[in-house]
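Q: What follows is a structure written as structure tokens; I'll ask about it next.
The values are calculated or read from the model by the stated rules, or taken from the named source; none is laboratory data. Worth saying up front: this structure is predicted, and the values here are computed from it rather than measured. We place every Cβ from the backbone using ideal geometry, glycine too, and count neighbours over all the protein chains shown.
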Amino acid sequence: MKKTITSNGTALAGVFSAIATSLCCVTPVLALLSGTTGIASTFSWIEPYRPVLVGITVFILGLAWHQKLKARPEDIDCACDDEKPKFIQSKKFLLLVTSFAGIMLAFPYYSHLFYPNLNSQKQVVYVSEGNVSVLTYSIQGMTCTGCEAHIENELNQLEGILEVDANYETSKTFVKFDKSKVTASEITSAIGKTGYTIIE
């Protein structure tokens with residue numbers, strides 16, 4: 001039983017590592033679902049360490065599979081040979097844990113799907129060219145497409161926003177708006193509510 005318990009402990013360590021790896025992208029989605037958008041950027045400091053955490057997760061899960069598949073009958077300290085192993089000690093459980101870890105590792109690539117597409121719901125409005133204004137913000141703390149979607153979602157809720165394009169790779173957010181309906185300070189305030197910082 002010694003090897004089985006060790007592989008289970010290793011598998012759970014792999015899940016913890018996978019969750020930590022994607023925490024910077026999970027937090028904005030949780031913030032949206034809970035309505036506390038200000039905590040969205042809380043774990044953005046993890047992003048630079050993501051490659052290391054991915055490596056640790058893969059190593060830990062590989063070790064768990066190695067321990068599970070290399071377990072020999074003489075390593076099992078059990079007098080009851082006919083007894084079926086518990087689910088938590090089975091390969092199915094390890095496969096379940098590995099699948100969950102994979103889903104968590106890939107989370108930054110599909111996190112934007114959790115945000116409503118407000119652009120498709122907007123009605124076509126006609127705005128005088130003199131009222132159209134464009135601002136570009138440099139925003140600190142965006143680390144994935146989920147962060148982009150979080151900022152775009154928050155800004156699209158303001159009346160008078162015509163177009164928003166946030167890009168985490170360049171740390172820029174482009175906003176086109178009707179200045180007769182919304183002000184630059186209201187836009188700045190909405191970005192501030194998300195928890196991300198505007199760089200002056």
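Condition check ((1) at negative phi; (2) crowded, with 20+ Cβ neighbours inside 10 Å; (3) of a type in the set (A, V, I, L, M, F, W, C)) across all residues:
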position	(1), (2), (3)
GLY146	yes, yes, no
ILE151	yes, yes, yes
GLN157	yes, no, no
LYS172	yes, no, no
LYS176	yes, no, no
GLY195	no, yes, no
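Q: Do we find a residue being modelled with pLDDT of 75 or more and part of a helix (DSSP H, G or I) anywhere in the stretch 21-34? Quick ask: steps written out before the conclusion?
A: At the first step, the residues of the stretch 21-34 found to be modelled with pLDDT of 75 or more are none.
No: the stretch 21-34 contains no residue that is modelled with pLDDT of 75 or more and part of a helix (DSSP H, G or I).
Q: Of everything in the stretch 168-187, what is in a helix (DSSP H, G or I) and free of Cβ contacts under 8 Å to residues at least 12 places away in the same chain? Give them in sequence order. Even if it seems obvious, please write down each step before you answer.
A: Kept after step one, since they are in a helix (DSSP H, G or I), are these residues of the stretch 168-187: 184-187.
Residue satisfying the conditions is SER185 alone.
Q: Next question, about the same structure. Would you point out which residue out of ILE151, ILE161 is aliphatic (A, V, I, L, M), at pLDDT 85 or above and over 19 Å from SER111 (Cα atoms)?
A: On the way: ILE151 fails: over 19 Å from SER111 (Cα atoms).
That would be ILE161, the only listed residue that is aliphatic (A, V, I, L, M), at pLDDT 85 or above and over 19 Å from SER111 (Cα atoms).
Q: Let me ask another. Please specify each residue of the stretch 132-159 satisfying the condition of being assigned to a loop (DSSP other than H, G, I, E, B) and over 16 Å from THR197 (Cα atoms). Talk me through it step by step, then tell me what you get.
A: Looking only at the stretch 132-159, we keep the residues that are assigned to a loop (DSSP other than H, G, I, E, B), and these are 141-144, 157-159.
Of everything in the stretch 132-159, those that are assigned to a loop (DSSP other than H, G, I, E, B) and over 16 Å from THR197 (Cα atoms) turn out to be GLN157, LEU158, GLU159.
Q: Could you tell me whether THR145 is β-branched (Val, Ile, Thr) and at pLDDT 85 or above? I'd like the intermediate steps shown before the answer.
A: Details: β-branched (Val, Ile, Thr): yes; at pLDDT 85 or above: no.
So THR145 fails the test.
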